[in-house]
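Here the structure comes first, spelled out in structure tokens, and everything after it is commentary.
The values are calculated or read from the model by the stated rules, or taken from the named source; none is laboratory data. Remember, it's a predicted structure, so these values are computed and weren't measured experimentally. Here the Cβ is made from the backbone with ideal geometry for all residues, glycine too, and neighbour counts use every protein chain on show. Calculation scope for accessible area: heavy atoms of the full protein, side chains included, ligands and nucleic acids excluded. Shrake-Rupley method; radii C 1.70, N 1.55, O 1.52, S 1.80 Å.
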Amino acid sequence: MASLASAEHVGATTALRRLYVVRFVFAAAWAALLLASGSELTLGAQLLLFVYPAFDVAAAVVDARSARTDGPVKGLYANIAVSSLAAIGIAVAGTSGVADVLRVWGAWAVLSGLVQLLVGVGRRAMGGQWAMIASGGISVLAGASFIRGASQDAPSLSGLAGYAALGGIFFLVSALRLSRATRPS
């Protein structure tokens, strides 16, 4: 029975590591595309802004399916709900301007950061989660910064690219740490 549980744990860890690598690649590509789109809130930029939380929903669904035996699935369901609302909110806010996008993105970053922090704490026994815990905390702070930045004279979307890139780096670090956790001793 213990070896079956151990095999399930390793399988969940392997799936999570793979997901984290995909999330890193996506975040890096997304950040580059957002920077390349410039500071205007064009239709292309609006689509990119919508896609990021929508991808987060898909990633949380994959994560929840692989984590049924190994982690805080309720937190992942909360993330699915929060990111779904964020995608809709960003689509609506994109028609109003950069400031409204930053407000919605900031609220999403705060809430999803809290969820990520809690999920990371719940998974700390798996190993490789300190980066997810740190990323969740940084997301909360960044979200507050986006909300504050929305009231500036010339709010900018460029900070969102940095936020995504840094989040991607944290996913890569966690993937590498999980690789260590699954190696035989």
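Just a few scattered comments:
- Identity of the residue in segment 122-153, more than 25 Å from ASP100 (Cβ to Cβ) and charged (D, E, K, R), that ends up most open to solvent (accessible area, probe 1.4 Å): ARG124
- VAL101 falls short on exactly one of the conditions (1) at pLDDT 95 or above; (2) open to solvent by 30 Å² or more (accessible area, probe 1.4 Å), and that condition is (2).
- ASP56 vs. criteria buried (at least 19 other Cβ atoms within 10 Å of the Cβ), under 25 Å from PHE146 (Cβ atoms) and modelled with pLDDT of 95 or more: yes
- Checked against (1) more than 26 Å from ARG17 (Cβ to Cβ); (2) hydroxyl-bearing (Ser, Thr, Tyr); (3) open to solvent by less than 50 Å² (accessible area, probe 1.4 Å), SER96 passes all but a single condition, namely (3).
- Scanning segment 22-67 for residues that are more than 17 Å from the chain's Cα centre (by Cα) and among the acidic types (Asp, Glu) yields one hit, GLU40.
- Inter-residue pairs, beta-carbon under 6 Å, first under 19 Å from SER96 (Cβ atoms) and assigned to a helix (DSSP H, G or I) and in segment 29-43, second at pLDDT 90 or above and open to solvent by less than 40 Å² (accessible area, probe 1.4 Å), 6+ apart: LEU34/LEU48; LEU34/ALA161
- In the set (1) at negative phi; (2) touching a Ser or Thr at 6+ places or on another chain (Cβ under 7 Å); (3) modelled with pLDDT under 95, the condition left unmet by ALA175 is number (2).
- One residue from SER66, SER112, SER84 being polar (S, T, N, Q) and under 19 Å from LEU176 (Cβ atoms): SER66
- Exactly one residue out of SER179, SER156, SER151 is in contact (Cβ under 8 Å) with a residue 60 or more places away in the chain and more than 19 Å from ALA28 (Cβ to Cβ): that is SER156.
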